[in-house]
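S.K.: Attaching a single structure in structure tokens format; questions to follow.
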Protein chains: 2
Amino acid sequence: MPTASRIPHPAYQAKIMSADAAAALIPAGANVGMSGFTGSGHPKAVPQALAKRMETLHAAGEDFQIGLWTGASTAPELDGALAQAHGVSMRLPYQSDPTVRKQINAGQMQYTDIHLSHVAQLAWFGFLGPLKVAVVEVAGILPDGRLIPSSSLGNNKTWLDLADHIILEVNSLQHAGLEGMHDIYYGTRIPPHRQPIPLVAPGDRIGDCYLHCDPAKVIAVVETSEHDRNSPFSPPDETSERIAGHIIQFLQQEVQAGRLPEDLLPLQSGVGNIANAVLIGLNKGPFNNLTAYTEVLQDGMLEMIQSGKLTMASATALSFSPAALEEFNANIDFYRERIVLRPQEMSNHPEVIRRLGLIAMNAMIEADIYGNVNSTHIMGSSIMNGIGGSGDFARNAYLSFFMTPSTAKDGAISCIVPMVSHTDHTEHDVEIIVTEQGLADLRGKSPTQRAQLVIEHCAHPDFRPALRDYFDRALQTAPGRHTPHILSEALSWHDRFVKTGRML
Amino acid sequence: MPTASRIPHPAYQAKIMSADAAAALIPAGANVGMSGFTGSGHPKAVPQALAKRMETLHAAGEDFQIGLWTGASTAPELDGALAQAHGVSMRLPYQSDPTVRKQINAGQMQYTDIHLSHVAQLAWFGFLGPLKVAVVEVAGILPDGRLIPSSSLGNNKTWLDLADHIILEVNSLQHAGLEGMHDIYYGTRIPPHRQPIPLVAPGDRIGDCYLHCDPAKVIAVVETSEHDRNSPFSPPDETSERIAGHIIQFLQQEVQAGRLPEDLLPLQSGVGNIANAVLIGLNKGPFNNLTAYTEVLQDGMLEMIQSGKLTMASATALSFSPAALEEFNANIDFYRERIVLRPQEMSNHPEVIRRLGLIAMNAMIEADIYGNVNSTHIMGSSIMNGIGGSGDFARNAYLSFFMTPSTAKDGAISCIVPMVSHTDHTEHDVEIIVTEQGLADLRGKSPTQRAQLVIEHCAHPDFRPALRDYFDRALQTAPGRHTPHILSEALSWHDRFVKTGRML
């Protein structure tokens, strides 16, 4: 399909230019807000052209870096390209790119890791500094100038509203049938002018299908025809299937106990293979008429919509494998009736999450015996990806699960430790911990009660004796027995791993 | 004033009995939900009678303990009496009593420390187990059976709704003029039936002035005439005044920069002497037409209402010194126009806090150089009080301050440490740290940027060299430089304090 047909607007047609020409309009030192969420809907051409320009300038001895703001993670042609060009001084609010991660952990790039629901409002409040340029991928432009959003929404509305200048990438490979799938709430305000968000069910439409932007701010329109990241999923391994099994069994028990409705409550699922395994398990499981209110819609949920198990899903991004994308594109009219894409400040909004009463399921790096969770750091110092939406969901959900295999690195690492090396979710926010070993239901429990459940239900048997020994000795020797710790040993498992390659 | 005149309802009059007789109706092993928030509005007679009964039974070799749920902290005649009788097996969601604290830290009492906005819904969801008895202080009963609430609301609505049996204490020392000051929202539901909370300004009234209860559940009415805790405040010391000065100066800068309206946004203030000093400072300061949406209304805010600086205040509890109580009672008609008391699930509701855009100011025990905050634990193991509402407010506020003197124990302890010994507020939730030394504005900053600000602006000069040394060596030697830590040293300051009485 020729892209030009997606820009039936003379003023915008007049601004069509090459990616190189558009990238030349981005000034050094600017904060740039780009689209993109979990490898979908990010600009594909301008970031690479900008990276090329940076490399040329750097080779000539000139400084050229930007502050890079996005929805969440992007893809090699955005985060990867700009990082390889050493072109990013400050990154926010989330990343999962190997080159970016390496530079952050080398101290070469500053990174601010922010709750995804907070980003838009922090930008509006002026707390993140001025936003010079927005670079946003869209699926098309209407004759009246409104924009058909792409496969993710993220912070696009906010970047378009706040930036001084706008560069649009119009991607003809995004299915034209995305039109009508989005719901962009234009009722947000800055305090003291905020009103209740009128959303009471996952499928509610409270806004507009289109993004608005001031044509006078648009300085370039770039035509592209490029795929999203579209990473394939591994089929669930035995560990993931066992985690999924524990969760489904627990949900059944909660229904039987009258603490959950028969068709559950809206599901939120983090990204990755464990989350996908849980969804595959739910698709074969006993629950029907399910809904989802989540961040990213991946293969597992698409299959649940296809099968009829999931009747409605709200998200801020679509992130499919190539096979799932083919299914989605082939039946987009069917899916448009069952999927709503929203800005991330809505998909992750504490007000809505608490009102709907989500069942939140998120992966973690490690948990400690007292129920504190680390979602972001390896051995206390190095960033992995970021907190993403896990804090928005865990704090405000009806039920909140944190999931991990009980060990990592072929058994060298226990994912259940005496004390987490970094805390992203505190003891006050963690309800249920699940590993392939089992599930610890921490609701209403004191720290020492939690410790016994986490050690006996979740830790790998190879690490249980050492965890019991730590807990027992802490109970004997700590200055207090509310959360007994041996401070000289609390982080020794991590320290030993750094020094020897094994926690024990 | 004779109390009987406050019970003009024949069915309730028929249930008037002694505290001893009422306490005899509470079964062993029951979860008991009592009123009380920050030493106000708690039952005064039944808990002491229950403690006496427990002591008698214990002396006879019988077990008798209860699970004790409240709004927040209470007073010696509730928490203190029951703990001295060794009568509490499980305490939630907050406490500040010396005997309770001692038993928790001795491992003799289980304690579940919960965000105060979460308590009511966790009880409704059934996650805390069954609630057998509610013991609630009220200021009076109407002829139609509705209850005039007392000086705090806390979780009273929830306890009255959920408990199998109800014991009312009618306290004639609570001013009759409290009638009409409360706003009890009866629109709460369990998901999936929740609706937006229709509250858009601190003074909005969205509910009922009275608590409802099923008269068939009331098993006893006990007449009392007892004061609330009414602890006096110390006048602000120089440290508190300097902290207050930094905050007020910062707020002025934010107004000048256009990031805050001239009359600010609604204030939330934690309890205690530092918070009170900030309020005293604001009362003398440049801002006018202020409002408050907070948990506890203390002397500082009362003075601001009296002076006209504060035009409206919403809270869940009044907690005054004897002198402030006298002023309040003498002019209760004036204050009733300017104060709204709500259930704590409303005063602390994330939906409302984020909508109103609060300026949140809370005390802490310690912060680390990367901006993580410990609000609850002494040296990692011992509980102090609890998280209270600080998580509800800090996470959802427009601006969030955490305040502490830079040192404790006559300089033996630095309140700025390499790594907090317990995390209650993560790096993702902490915006501004303030000590008497200065203020660190962490908004939008990376961890290493934060470290420099926290060390140079907030740490005491006696501890700055050691903190700089830790940070510098961590930058050199840590496996990652995003949040560089030396794991074998990160908690060594706390460990040294436990062993030697000094952090350095």
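The values are calculated or read from the model by the stated rules, or taken from the named source; none is laboratory data. Quick caveat: nothing in here was measured; it's all calculated off a predicted structure. Glycine also receives a Cβ, built like all others from the backbone with ideal geometry; neighbour counts cover every protein chain displayed. We work out accessible area using only protein heavy atoms, side chains counted, and drop any ligands, DNA or RNA first. Shrake-Rupley method; radii C 1.70, N 1.55, O 1.52, S 1.80 Å.
S.K.: Residue under question is A:Ala81, and the condition is that it be modelled with pLDDT of 95 or more, in a helix (DSSP H, G or I), open to solvent by 10 Å² or more (accessible area, probe 1.4 Å) and more than 10 Å from every other protein chain (Cβ to nearest Cβ); does it hold?
M.R.: yes
S.K.: Another one. Could you look through region A:210-232, keep only residues that are part of a loop (DSSP other than H, G, I, E, B) and open to solvent by 40 Å² or more (accessible area, probe 1.4 Å), and pick out the one that is nearest to A:Gly180 (Cα to Cα)?
M.R.: Taking the candidates together, the pick is A:His212.
S.K.: For region B:358-383, name all the residues that are in a strand (DSSP E or B) and facing chain A (nearest Cβ under 9 Å).
M.R.: Within region B:358-383, B:His377, B:Ile378, B:Ser382, B:Ile383 meet the criteria.
S.K.: Starting from residues that are charged (D, E, K, R) and surrounded by fewer than 24 Cβ atoms within 10 Å (Cβ to Cβ), keep the ones in region B:121-144 and report whichever is farthest from B:Lys157 (Cα to Cα).
M.R.: B:Asp144
S.K.: Test A:Arg496 against the criterion of being part of a loop (DSSP other than H, G, I, E, B), surrounded by fewer than 19 Cβ atoms within 10 Å (Cβ to Cβ) and at negative phi, and give yes or no.
M.R.: It is false that A:Arg496 is part of a loop (DSSP other than H, G, I, E, B), surrounded by fewer than 19 Cβ atoms within 10 Å (Cβ to Cβ) and at negative phi.
S.K.: Could you grab me the full set of residues in region A:443-462 that are part of a loop (DSSP other than H, G, I, E, B), under 25 Å from B:His115 (Cβ atoms) and of a type in the set (A, V, I, L, M, F, W, C)?
M.R.: Within region A:443-462, just A:Cys458 meets the criteria.
S.K.: If you don't mind, there's one more thing I want to ask. Quick check on B:Glu366: is it out of contact with any Ser or Thr (no Cβ under 6 Å at 6 or more places or on another chain) and farther than 25 Å from B:Arg259 by Cβ?
M.R.: So B:Glu366 fits the description; yes.
S.K.: Out of all the residues in region B:46-69, which are buried (at least 24 other Cβ atoms within 10 Å of the Cβ), of a type in the set (A, V, I, L, M) and either free of Cβ contacts under 8 Å to residues at least 24 places away in the same chain or not in a strand (DSSP E or B) (or both)?
M.R.: B:Val46, B:Leu50, B:Met54
S.K.: Can we say B:Ala408 is farther than 18 Å from A:Asp113 by Cβ and in contact with a Cys (Cβ under 8 Å, 6 or more places away or on another chain)?
M.R.: yes
S.K.: For region A:446-468, enumerate the residues that are of a type in the set (D, E, K, R) and surrounded by fewer than 21 Cβ atoms within 10 Å (Cβ to Cβ).
M.R.: Those that are of a type in the set (D, E, K, R) and surrounded by fewer than 21 Cβ atoms within 10 Å (Cβ to Cβ): A:Glu456, A:Asp462, A:Arg464, A:Arg468.
S.K.: Can you find even one residue in region A:208-221 that is of a type in the set (Phe, Trp, Tyr) and over 30 Å from A:Arg146 (Cα atoms)?
M.R.: So far as region A:208-221 goes, no, none of its residues is of a type in the set (Phe, Trp, Tyr) and over 30 Å from A:Arg146 (Cα atoms).
S.K.: Still on this structure, I have one more. Suppose we filter A:Asp183, A:Asp164 for residues that are of a type outside the set (S, T, N, Q) and open to solvent by 10 Å² or more (accessible area, probe 1.4 Å); which single one remains?
M.R.: Of the residues listed, the single one that is of a type outside the set (S, T, N, Q) and open to solvent by 10 Å² or more (accessible area, probe 1.4 Å) is A:Asp164.
S.K.: Please find, among B:Glu456, B:Glu436, the residue that is more than 8 Å from chain A (Cβ to nearest Cβ), without any contact (Cβ under 8 Å) to a residue 60 or more places away in the chain and either touching a helix residue (DSSP H, G or I) at 6+ places or on another chain (Cβ under 9 Å) or farther than 26 Å from A:Leu92 by Cα (or both).
M.R.: Of the residues listed, the single one that is more than 8 Å from chain A (Cβ to nearest Cβ), without any contact (Cβ under 8 Å) to a residue 60 or more places away in the chain and either touching a helix residue (DSSP H, G or I) at 6+ places or on another chain (Cβ under 9 Å) or farther than 26 Å from A:Leu92 by Cα (or both) is B:Glu456.
S.K.: Any idea how many residues of region A:463-492 are part of a helix (DSSP H, G or I) and within 9 Å of another protein chain (Cβ to nearest Cβ)?
M.R.: Total meeting the criteria: 3.
S.K.: So, in region B:269-290, how many residues would count as being more than 20 Å from B:Arg338 (Cβ to Cβ) and part of a helix (DSSP H, G or I)?
M.R.: 4
S.K.: On the basis of being in contact (Cβ under 8 Å) with a residue 12 or more places away in the chain, assigned to a helix (DSSP H, G or I) and among the small types (Gly, Ala, Ser), does A:Ala22 make the cut?
M.R.: yes
S.K.: Mind checking which residues of region A:175-233 are within 30 Å of B:Pro202 (Cα to Cα) and among the aromatic types (Phe, Trp, Tyr)?
M.R.: The answer is A:Tyr185, A:Tyr186.
S.K.: Residue check: is A:Pro235 within 27 Å of A:Ala324 (Cα to Cα) and within 14 Å of chain B (Cβ to nearest Cβ)?
M.R.: No: the conditions fail for A:Pro235.
S.K.: Going through B:Asp392, B:Asp333 one at a time, which residue ends up being open to solvent by less than 10 Å² (accessible area, probe 1.4 Å) and touching a residue at least 40 places away in the same chain (Cβ under 8 Å)?
M.R.: None of the other options fit; the residue is B:Asp392.
S.K.: Provide a single number: the residues in region A:196-209 that are open to solvent by 20 Å² or more (accessible area, probe 1.4 Å) and among the aliphatic types (A, V, I, L, M).
M.R.: Within region A:196-209, residues that are open to solvent by 20 Å² or more (accessible area, probe 1.4 Å) and among the aliphatic types (A, V, I, L, M) number 3.
S.K.: Pairs under 7 Å by beta carbon, first residue in contact (Cβ under 8 Å) with a residue 12 or more places away in the chain in region B:27-44, partner of a type in the set (Phe, Trp, Tyr) and assigned to a loop (DSSP other than H, G, I, E, B), six or more apart or different chains?
M.R.: B:Ala28/B:Phe64
S.K.: Does A:Thr423 count as under 26 Å from A:Asp472 (Cα atoms), of a type in the set (S, T, N, Q) and surrounded by fewer than 24 Cβ atoms within 10 Å (Cβ to Cβ)?
M.R.: The answer is no for A:Thr423.
Table: residues versus (1) under 15 Å from the mean Cα position of the chain (by Cα); (2) of a type in the set (Lys, Arg); (3) more than 30 Å from B:Gly258 (Cβ to Cβ); (4) not assigned by TED's automatic domain parsing to the domain that holds A:Ile387.
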residue: A:Ala59; (1), (2), (3), (4): no, no, yes, yes
residue: A:Glu77; (1), (2), (3), (4): no, no, yes, yes
residue: A:Ile104; (1), (2), (3), (4): no, no, yes, yes
residue: A:Met109; (1), (2), (3), (4): no, no, no, yes
residue: A:Ser117; (1), (2), (3), (4): yes, no, no, yes
residue: A:Trp124; (1), (2), (3), (4): no, no, no, yes
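S.K.: Taking the condition within 15 Å of the chain's Cα centre (by Cα) and either in the same structural domain as A:Asn396 (by TED's automatic domain parsing) or touching a residue at least 40 places away in the same chain (Cβ under 8 Å) (or both), does A:Ala360 pass?
M.R.: Yes; evaluated as a whole, the condition is true for this residue.
S.K.: Please list, ordered by residue number, the strands (runs of 3 or more DSSP E) wholly in region B:90-187 having 2 or more residues that are touching a His at 6+ places or on another chain (Cβ under 7 Å) and in contact (Cβ under 8 Å) with a residue 40 or more places away in the chain.
M.R.: B:133-141
S.K.: Filter region B:88-120 down to residues that are surrounded by fewer than 24 Cβ atoms within 10 Å (Cβ to Cβ) and of a type in the set (Gly, Ala, Ser) and give me whichever is nearest to the other protein chains (Cβ to nearest Cβ).
M.R.: Here the residue is B:Gly107.
S.K.: Testing A:Ala408 on (1) surrounded by fewer than 24 Cβ atoms within 10 Å (Cβ to Cβ); (2) closer than 25 Å to A:Tyr470 by Cα; (3) within 12 Å of chain B (Cβ to nearest Cβ), one condition comes back false. Which one is that?
M.R.: Failing condition for A:Ala408: (3).
S.K.: Would you be able to say whether some residue in region A:191-201 is closer than 20 Å to A:Ala123 by Cβ and either more than 12 Å from chain B (Cβ to nearest Cβ) or modelled with pLDDT under 95 (or both)?
M.R.: No, every residue in region A:191-201 fails to be closer than 20 Å to A:Ala123 by Cβ and either more than 12 Å from chain B (Cβ to nearest Cβ) or modelled with pLDDT under 95 (or both).
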